[in-house]
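Report on one structure; see the data block that follows.
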Amino acid sequence: MATVVHQIPTGATPSSPGPDAASRRRAGAGLVLAVLLIAFNLRIAVTSLGALLDRLGDLGVSATTQGLLTSLPVLCFALVGATAMAVTRWIGVDRGLALALVILTAGLVLRVLDGTPALLAGTFVACAGIALANVLIPAIVKEHFPGRVGAMTGAYTAVLSLGSAAGAALAVPLTNATGTWRLGLGLWALVAVAAALAWAPFARGRAVARSTERGASMWRSPTAWAVTVLFGTQSLYAYVMMSWLPSLYADAGFSDETAGLLLAISIVIGVPFFFLVPSVAGRLRHQGHLVAGLTLLTVIGWTGLWVAPEGGAWVWAALLGAGGAVFPVVLLCFALRTSTSADTAALSTMGQSVGYLLAAGGPFLIGTLHHATGGWALPCALLVGLGVVQVSAGYLAGRPVVIGARR
């Protein structure tokens with residue numbers, strides 16, 4: 001199957017053939033609510049567990065197991081995300097997303113049953129459901145909102161960020177209120193069930209027509225590889241920040257509570273940027289300039305943490321949060337750089353599976369450098385230098401082209 005690239009006019013958003021009347025009716029308030037509910041679930045399993053790791057350690061969960069629990073999500077996102085195209089061809093995008101929600105719910109229940117094996121297995125299963133949904137959501141947006149890709153991408157990534165913050169902020173209070181960490185984690189399964197019920201009406205009767213549709217081969221496309229590298233660099237930045245930013249602030253003299261609050265500030269400040277930036281990106285002919293500007297904010301943030309972590313702590317946290325809006329831009333690129341929902345799913349599969357693999361070693365490398373040098377100068381310098389890679393990938397990924405295939 002030969003891969004071809006087409007130029008698109010300024011401001012145009014490629015779309016699949018126009019939806020029929022029934023499809024347009026489906027793209028109403030119920031569909032929007034369902035997509036946003038799903039997005040709210042896409043990081044809760046990760047951040048709620050992270051908030052309780054210290055407590056689990058007090059209850060006898062080993063340090064090795066805690067380390068494995070922190071590395072499972074990114075590896076799972078990469079490995080399971082690679083199966084998304086097979087699922088799409090088997091049951092279709094809509095039903096594939098329903099399956100992802102069932103898997104997520106099962107994992108959230110399994111991990112609070114009993115014992116460390118259940119905790120590990122449940123975390124893997126929950127993250128497998130998230131990994132599948134991560135890949136399919138951009139294709140869902142492409143399919144059902146062809147004229148509002150930027151707005152919907154901004155809305156669902158902003159809600160995803162809110163869900164991430166909710167998981168981190170509420171896991172401990174829920175545990176304290178219920179008297180057990182099992183309910184502190186397990187109650188999030190109810191939120192996943194709510195999303196599955198909201199999505200159920202939109203997952204019927206379309207699998208047969210779409211199950212034979214194959215996306216274009218992305219592996220020989222320079223644009224696809226640029227999108228993939230961009231996804232990898234922004235993921236590395238995000239997971240390094242979530243893993244090590246509180247430790248960096250604690251080493252700078254802040255209390256653990258303040259260090260955690262500074263991370264929360266980064267997440268919350270990112271929400272409006274996540275919401276607004278994709279709408280701006282969708283109107284641009286070339287998204288590379290926007291990626292460069294956002295990356296500059298990230299680079300300034302890490303430079304500040306390098307030279308003056310205490311003096312400008314709140315400013316650096318805010319800049320990192322705003323610069324993280326490269327995430328919705330690269331998700332938007334999955335749709336902008338493709339012409340059909342099947343192609344979007346194909347690019348999303350490649351970008352997220354390979355991208356998360358590229359990012360998986362980031363937190364480990366930064367931690368190793370920190371422990372080897374006894375400080376944060378070298379890790380921060382490395383993260384500043386990564387900005388050059390991200391900007392370069394952003395300019396290639398942001399070119400006004402569409403990856404397609406001759407049918």
Exercise for the section: Scan the range 25-48 and give yes if some residue there is modelled with pLDDT under 75, under 24 Å from LEU136 (Cβ atoms), open to solvent by 40 Å² or more (accessible area, probe 1.4 Å) and not hydrophobic (A, V, I, L, M, F, W, C), otherwise no. Expected result: yes
Problem - Single residue of the range 349-364 satisfying the filter (at pLDDT below 85 and out of contact with any Leu (no Cβ under 6 Å at 6 or more places or on another chain)) that is nearest to ALA308 (Cα to Cα) - result: PRO363
Exercise for the section: Check off (1) part of a helix (DSSP H, G or I); (2) free of Cβ contacts under 8 Å to residues at least 12 places away in the same chain for ILE103 and give me the number that stays unchecked. Expected result: (2)
Handout entry: Qualifying residue in the range 398-405 (condition: in a helix (DSSP H, G or I) and of a type outside the set (Val, Ile, Thr))
Key = no
Problem - Per-region count, the range 295-330, residues farther than 18 Å from LEU262 by Cα and open to solvent by 10 Å² or more (accessible area, probe 1.4 Å) - result: 2
Exercise for the section: Identify, by number, the condition in (1) open to solvent by 40 Å² or more (accessible area, probe 1.4 Å); (2) farther than 20 Å from VAL268 by Cα; (3) modelled with pLDDT under 85 that TRP219 doesn't meet. Expected result: (3)
Exercise for the section: Please list, ordered by first then second residue, the pairs with beta carbon atoms under 7 Å, 6 or more apart or interchain, first in the range 287-302 and of a type in the set (Phe, Trp, Tyr), second crowded, with 19+ Cβ neighbours inside 10 Å. Expected result: TRP302/CYS380; TRP302/LEU383
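Condition check ((1) at pLDDT 85 or above; (2) open to solvent by 30 Å² or more (accessible area, probe 1.4 Å)) across all residues:
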position	(1), (2)
ASN176	yes, yes
LEU185	yes, no
TRP188	yes, no
GLY205	no, yes
GLY215	no, no
Fill in the blank from the handout: Here, helices (runs of 4 or more DSSP H) confined to the range 256-358 with at least 3 residues that are more than 19 Å from ALA393 (Cβ to Cβ) are 256-283, 288-307, 313-323
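The values are calculated or read from the model by the stated rules, or taken from the named source; none is laboratory data. If you're wondering where the values come from, they're calculated on a predicted model, not measured in any experiment. We place every Cβ from the backbone using ideal geometry, glycine too, and count neighbours over all the protein chains shown. Keep in mind that these areas ignore ligands, DNA and RNA; they rest on the heavy atoms of the full protein, side chains included. Shrake-Rupley method; radii C 1.70, N 1.55, O 1.52, S 1.80 Å.
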